[in-house]
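The structure appears below as structure tokens.
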Amino acid sequence: MRIGELARRTGATPRALRHYEEHGLIDSCRAANGYRHYDERAVVRVRNVRHLLAAGLTLDDVRVFLPCLDGDVATAAPSPAGIRVGRERLAVLDARIAAQAAIRDRLAAVLHTAAGSVAPDGPPRP
């Protein structure tokens, strides 16, 4: 199948599919006219890649799952490497959330302090 058909069947954009291919997650062969052609296996692989990305993993993280991308990643028993990658990604996300919460708290404090010097519907009070 050509890239447009694979995109339609998986919900991925052709650009994303080319990106997955550049990262070695899917492969294609080239026709004489230069068009990419994918086999049926690519449909399952792309769905699995998208599933893992939606779970918060990066394309580099997804590489750990290469041996099982042709199966049902969502219901397969996790591997030790998969668990490790998931835990590492979770730690990164937790750190980002904590940093964002701290920034939010600082902004809320500044606004709370500033609100005392601002009339409810106008410019700052003298």
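First measure r as the distance between the Cβ atoms of Ile83 and Ala109, then evaluate 1/(1 + (r/R0)^6) with R0 = 41 Å and state the FRET efficiency to the nearest 0.05. Before the final figure, lay out the partial values.
Numbers: r = 39 Å, r/R0 = 0.95.
After rounding, the FRET efficiency stands at 0.60.
Hey, how many Å between the Cα centroid of the range 67-89 and the Cα centroid of the range 25-40?
Answer, in whole Å: 27.
For Val43 and Gln100, what does the FRET efficiency come to when R0 = 30 Å and r is the distance between their Cβ atoms, rounded to the nearest 0.05?
Result of the calculation: an efficiency of 0.25.
Given that just one value was derived from the coordinates, which of (1) 58, 17, 8; (2) 31, 15, 12; (3) 46, 21, 11 is semi-axes √(5λ) of the Cα gyration tensor in Å?
Comparing each candidate, only (3) matches the computed number.
What percent does the relative contact order of the chain come to when contacts are Cα pairs within less than 8 Å and at least six residues apart?
Working: 86 pairs, mean separation 21.6, N = 126.
Here the relative contact order equals 17 percent.
Here, each number is a calculation from the coordinates, and none is a lab measurement. What you see is a predicted model, and the numbers here were worked out from it, not measured in a lab. Note that each Cβ is placed from the backbone with ideal geometry, even for glycine, and that neighbours are counted across all protein chains shown.
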